[in-house]
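Beneath this line is the structure, given in structure tokens, with notes to follow.
Values in this text are rule-based calculations from the coordinates and carry no lab data. Computed from a predicted structure; not experimentally measured. Positions of Cβ are backbone-derived with ideal geometry, glycine not excepted, and every protein chain shown enters the neighbour counts.
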Amino acid sequence: MQAEQLLHFPDMGGGNMSADQRREALERMVSVHRPLTALVLFLNIAALEDFIRDLGARLADVPSLEANFPEVSELRPTLRRNPQPYARQDRDPAPLSDWAEVNKLYRRVLGVEPIASVEIAKLHDLALVRHTVAHHAALVRPIDEPRFQYWEVQPNSLLNPPTNFVREMSALLYRTGRDFEVAVANRLFSVILGKAPPKWFEKPPTLVVALIELFNWFGKLLTDNAPPLIPGSHDYEEQVRSRAASSRSRLLELCLEELKAQYAV
């Protein structure tokens with residue numbers, strides 16, 4: 001019944017309510033539609049877990065990274081042997097509900113702890129929120145109540161945090177993922193460029209270029225003022241390839257300039 005109610009919001013288009021009053025009423029309806037806010041929080045937590053899982057797997061697949069970090073393959077999820085049909089088919093290298101263990105794994109493999117220790121208790125409880133939403137329809141079981149480390153929750157109550165709290169925690173989860181990525185990137189480049197010859201940027205090593213691509217060109221974007229291409233023209237594919245190569249070259253140049261500035265040469 002609760003799930004079905006999430007599909008409906010009241011029609012507030014009529015009546016004598018002002019636009020501001022309707023907006024406020026709709027915001028209040030979000031909290032009334034339990035457990036909608038908990039579901040939003042669940043999606044953010046799952047996104048962070050997927051990001052960290054995917055980043056580790058991609059790092060483990062970078063050619064020649066093992067030369068600098070011999071245990072990097074440990075960041076890749078492994079397949080379970082003969083799992084039950086209803087069970088998960090793979091296993092994370094560290095449980096993503098135990099952030100201290102994630103830090104321990106990355107300290108051993110890369111020599112860095114990417115998660116701020118001051119946030120671990122909050123992140124632990126957010127992982128419990130994810131578990132409670134996913135497996136118990138957001139209802140806090142008495143057996144799980146003592147597991148919360150940072151917040152107090154009431155057993156046999158439905159998790160339905162205020163929207164402002166959800167926005168705040170969503171921002172925390174985003175910062176956690178971003179700081180995680182930056183910490184890992186800084187560690188990799190500091191080690192690799194520390195061993196590179198003085199003029200490495202004139203002919204950047206293949207490994208450096210691969211990591212720049214892995215970290216998505218450090219989030220840089222290019223503005224293309226060229227006229228749009230016309231599909232079907234005789235040289236359309238050639239122009240697409242040419243522009244792609246030009247964009248890649250420019251992005252690589254910008255990223256190399258950033259690395260040169262950060263790791264002064």
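Screening the chain for whole DSSP H helices of 24 Å or more along their axis (Cα) with average Kyte-Doolittle hydropathy at least 1.0 returns 36-60. So, R0 is 41 Å and r is the distance between the beta-carbons of Thr223 and Asn82; what FRET efficiency does that work out to, to 0.05? Between Thr223 and Asn82 the formula returns 0.20.
Within 13 Å, Cβ to Cβ, of Lys260, how many net charges do the neighbouring residues add up to if Lys/Arg are +1 and Asp/Glu are -1?
-3
On the beta carbon distance between Gln154 and Asn216, with R0 = 41 Å, the FRET formula returns roughly 0.45.
Ordered by the number of other Cβ atoms lying within 10 Å of each residue's own Cβ, fewest first, Ile120, Ile143 fall into the sequence Ile143, Ile120. State the Cα centre-to-centre distance between the stretch 213-240 and the stretch 84-139 in whole Å. Value for the Cα centre distance between the two parts: 38 Å.
Tell me, what is the FRET efficiency for Ser247 and Ala116 to the nearest 0.05, using R0 = 45 angstrom and their Cβ-Cβ distance as r?
0.80
Computed about its Cα centre, the charge dipole of the stretch 83-204 is approximately 540 debye, with only Lys, Arg, Asp and Glu carrying charge at their Cβ.
Between His131 and Ala261, what is the label-point separation in nm under the 7 Å Cα-to-beta-carbon projection? Those two pseudo-labels are separated by 4.4 nm. For the stretch 37-195, the relative contact order works out to 27 percent when only alpha carbon pairs closer than 8 Å and six or more residues apart are counted.
Relative contact order of the chain: 18 percent, from C-alpha pairs under 8 Å at least 6 residues apart in sequence. Summing Lys and Arg as +1 and Asp and Glu as -1 over all other residues whose Cβ lies under 15 Å from the Cβ of Ala210 gives a net charge of 0.
Extending 7 Å from Cα along the Cβ direction at Val209 and again at Asp50 yields two label points whose distance is 3.1 nm.
Only one of the listed values, [x] 54, 19, 12; [y] 37, 26, 17; [z] 41, 29, 18, was derived from the coordinates as semi-axes √(5λ) of the Cα gyration tensor in Å; which label is it? Entry [z]. The sum of -39500 (n - 2.57) across all DSSP H runs of n ≥ 4, divided by the residue count of the chain, sets its helix-only mean residue ellipticity at 222 nm to -17500 deg cm²/dmol.
Among rounded, prolate and oblate, which fits the stretch 127-263 when a ≥ b ≥ c are the square roots of the eigenvalues of its C-alpha gyration tensor, a/c under 1.5 means rounded, and a/b larger than b/c means prolate? Oblate is the answer for the stretch 127-263, as a/c is 1.5 or above yet b/c matches or exceeds a/b.
Other residues lying with their Cβ under 15 Å from the Cβ of Glu74 contribute a combined charge of +1, Lys and Arg counting +1, Asp and Glu -1. Here each label is just a point 7 Å from Cα along the line to Cβ, and for Asp179 and Val240 those points are 4.2 nm apart. Our estimate of slack between Leu26 and Asn68, defined as 0.36 nm per intervening residue step minus the Cα-Cα distance, is 9.7 nm.
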